[in-house]
């Protein structure tokens, strides 16, 4: 236990505390600026980290990473602009609440959920990291195939609006995921001979366009048509009943987030989606979801923060970066002369525990910062759309540019902005499209890898314990609603016949 | 509030006018200096394009070299990531950049001598369309086996007499080429399973999803040290100093020297003086202790040769690989 306590000693050194604060503040700002992601920010800051101690540097970079998770919620709720794939789900209910003038409630619940999710995940990480790290290795292509399938199925069930429209949007998303040079045969697919499309489309320009720009274009139009009722922003904090209502969602979201976050690749997205789906399914009033249910924010926000924390497990205990941001932190460690690998905990215990324990402090700092900032940020909604819209567009375009330093991506934002506007006009929700896009590439590559491993025999999915279990779960989720209706009509029928008699 | 704003605006207007008046004068001066000689190079910050994502080996190499080279040039060398198509996106941008030495690129060898084997001719990047400033270093591949497979040597694989699955870091990469060549020479029935980069491939070997994989030394080393994976052979020409106890594929009897190589490259037509000046700056970087430490830590073998020598190496590699691929009828796109 002593290395753990030594870790705390490392954290409370004034320099480390300061850099932790700097990290979470930068992270929060980065999260708030749509498009500009933590990976790009950390890459920009890499040279600065050279001059400071390894532990201090990583504490700061980790702060940026989980701080951005907090900040990302703010734009999702207020402006309907998810900065990362894992906060797309938050938009459903978060923005609906903001529309009802309850932006404060939404942000407050999200901050509390994020804090609880993050903190629970750190405790779990400290206790079981070495044990669960191996769990990530049991997830091969077949398991990811099943997870992605399950995820796509959830996409169709969670979104608001009609099921048919959600499925159409999801299908378009899957199609968009096929753009780019095929990773198995190097054949060009829908690239129109453009090198910029060779690696496929990126999440950021699609999300920024469909959600952000599309929404802005739409509101500009409606403003001309009818008097836009000014959004009333009451600085309401979540009430006791809100908290009571979302406590279960926070607990379940934390567990789902922690478990799925350990998996390299797509963990956080699946976590937020699964947490939301579970709440909607459990709820006695599922029709509230998508129209401002507090659980609809609490669950995915808790889950994505817990996932952000547990995604450190593969990096710190196996030396395997789980996502783009982790890859840059991995690079930062290398620059510092520390090679992340299975022996990091034994060779550099002060680094391992210093970073892990700094996350407690970071989460507390973020919660404290959130309290005054929520009040400040909700005022954004009071800004006139004529001023807010152009600023949002500008920041969005800059953010999209920074992902790949590519002007082409700016063009993509504009293209998807127009598409988003048309979708909104025709009553399509962009959520399923974006989520299916993210899961689509995971599904395709995992499925094809699996079939290579099984030598073309799809029966192989059932021979592996985890993928087999996931397949059964998939069937259950797919067939349960149908089974339920059958059961209901059967039980309802005799009663009806009795009444008629 | 309003008056203060107006004052500011007025000063701003004055400043703009002053700048406009001053500009033509400035332009003239710059032109004069430019026509005299190239000693004014560099007159502003230098951009070093990297065609890979931040955090990877190529990106880190660029950052490690950029700092000391910039110190010698007395200008900042900024690393800008333009990821896409194994660097082809960045290479295209470099080709269109002004050939004045202020835009450079960290070019990966695989783009010049392996990718052309996998993609159509018009997409392939030709290194002869660029000016090579200097070679940097070479990165070797090591064939590692999952403990579940039980393989300790290449002979074990051959003797196992079964079809094996090998992980690659992607189609048309050195990882793919090295194993495709090895297994076709060893007459082992093997299926390539491409992953998206080094880390996922390593994960697959660790988890026993694939039997073996070819991974860059620096990436595999921590796992080898921890005993999580077994090294079989390296694909180096001679044993890398970092893994002196592991045989090379050539020693094991297979003709498959495959390496990743990296170089600094400028647009075609960059003046010779500028290229020379840059080469001197990177030469200073190679003497920098921190840069050398970086190479050691990442298990990179210095290959700090001049432009002409590097061109010879890379065009030679392309010829060799093309011949080998034809001889063993390997389809680098797909399997």
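Nothing in this text is a laboratory measurement; each read-out follows from the coordinates by a stated rule. This is a predicted model, so every value here is computed, not measured. Note that we place each Cβ from the backbone using ideal geometry, even for glycine, and neighbour counts take in every protein chain shown.
Can you check how the C-alpha radius of gyration of region A:296-409 compares to 2.2 N^0.38 Å, as a plain ratio? Write down the numbers at each step before the final one.
Values: Rg = 18.9 Å, N = 114, 2.2 N^0.38 = 13.3 Å.
Normalised by 2.2 N^0.38 Å, the Cα Rg of region A:296-409 equals 1.42.
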Least to most buried among B:102, B:176, A:291, by other C-beta atoms within 10 Å and fewest first, runs A:291, B:102, B:176
Of B:62, B:192, B:244, the most mobile residue in a GNM of chain B (C-alpha springs, cutoff 10 Å) is B:244
One can check that the equivalent ellipsoid of chain A, built from the alpha-carbon gyration tensor with semi-axes equal to the square roots of five times its eigenvalues, has lengths in Å, largest first, of 33, 29, 25
Checking B:77, B:158, B:264 against a Gaussian network model of chain B (alpha-carbon springs below 10 Å), the top fluctuating residue turns out to be B:158
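Rg/Rh for region A:27-173 to two decimals, with Rh computed the Kirkwood way over all alpha-carbon pairs.
Values: Rg = 18.2 Å, Rh = 17.8 Å.
Here Rg/Rh amounts to 1.02.
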Over its alpha-carbon atoms, region B:53-104 yields an Rg and a Dmax in Å of 11.8, 33
When B:241, B:134, B:191, B:234 are arranged by how many other beta-carbons sit within 10 Å of their Cβ, fewest first, they go B:241, B:191, B:134, B:234
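With Rg and the Kirkwood Rh both taken from Cα atoms, where does Rg over Rh land for region A:363-501?
Working: Rg = 25.0 Å, Rh = 21.5 Å.
Taking Rh as the inverse mean 1/r over Cα pairs, Rg/Rh reads 1.16.
Checking a compactness column here: for region B:116-181, what do you get for Rg(Cα) / (2.2 N^0.38 Å), N being the number of residues?
Values: Rg = 16.8 Å, N = 66, 2.2 N^0.38 = 10.8 Å.
Relative to the 2.2 N^0.38 Å estimate, region B:116-181 comes out at 1.55.
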Here the relative contact order (percent) of region B:141-258, from C-alpha pairs under 8 Å and at least 6 apart, is 37
The distance between the Cα centres of region A:107-128 and region A:48-91, in whole Å, is 15
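Using only the Cα atoms of the protein assembly as shown, what semi-axes does the equivalent ellipsoid have when each is the square root of 5 times a gyration tensor eigenvalue? Give whole Å, largest first. Let's see the in-between values first.
Numbers: eigenvalues 377, 264, 137 Å².
Rounded to whole Å, the semi-axes are 43, 36, 26.
How large is the direction-averaged shadow of the alpha-carbon convex hull of chain B, in nm²?
On the way: hull surface 88.6 nm².
Dividing the Cα hull surface by four gives the mean projection, 22.1 nm².
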If each part is reduced to its alpha-carbon centroid, region B:289-335 and region A:276-344 end up apart, in Å, by 38
Taking R0 as 35 Å and r as the Cβ-Cβ distance between residue A:489 and residue A:135, the FRET efficiency 1/(1 + (r/R0)^6), rounded to the nearest 0.05, comes to 0.25
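Dividing the alpha-carbon Rg of region A:281-334 by 2.2 N^0.38 Å yields what? Spell out each step's value before the answer.
On the way: Rg = 16.7 Å, N = 54, 2.2 N^0.38 = 10.0 Å.
Working it through for region A:281-334, the quotient is 1.66.
Using the Kirkwood formula on the Cα atoms of region B:213-335, what hydrodynamic radius do you get, in angstrom to one decimal?
17.2
What FRET efficiency do you get for residue A:240 and residue A:379 if R0 is 22 Å and r is their Cβ-Cβ distance, rounded to the nearest 0.05? Intermediate results must be reported in sequence, preceding the final value.
Details: r = 25 Å, r/R0 = 1.13.
In this case the efficiency is close to 0.35.
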FRET efficiency for residue A:9 and residue A:480 from the Cβ-Cβ distance with R0 = 60 Å, rounded to 0.05, comes out at 0.70
Neighbour-count ranking for B:196, B:140, B:53 (other C-beta within 10 angstrom, fewest to most) reads B:196, B:53, B:140
Of region B:159-195, those with amide N under 13 Å from the point 7 Å along the Cα→Cβ vector of residue B:129 are none
Projected onto their principal axes, the Cα atoms of region B:217-282 stretch, largest extent first, over whole-Å spans of 49, 28, 18
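Return a whole-number percent for the relative contact order of region A:286-362, with Cα pairs under 8 Å and 6 or more residues apart as the contact set.
Dividing the mean separation by the residue count of region A:286-362 yields 22 percent.
Would you work out the relative contact order for chain B, in percent, from Cα pairs under 8 angstrom that are 6 or more residues apart?
Normalised by residue count, the contact order of chain B is 24 percent.
Given the peptides A:383-394, A:477-488, A:167-178, arrange them by the average over their residues of other C-beta atoms within 10 Å, most packed first. Each step should come with its number before you reach the end.
Details: A:383-394: 13.7, A:477-488: 11.2, A:167-178: 18.8.
For the peptides A:383-394, A:477-488, A:167-178, the packing ranking is A:167-178, A:383-394, A:477-488.
Expressed in whole Å with the largest first, what are the equivalent ellipsoid semi-axes of region B:141-258 derived from the C-alpha gyration tensor as the square root of 5 times each eigenvalue? Each step should come with its number before you reach the end.
Numbers: eigenvalues 57, 56, 40 Å².
Taking √(5λ) for each Cα gyration eigenvalue gives 17, 17, 14 Å.
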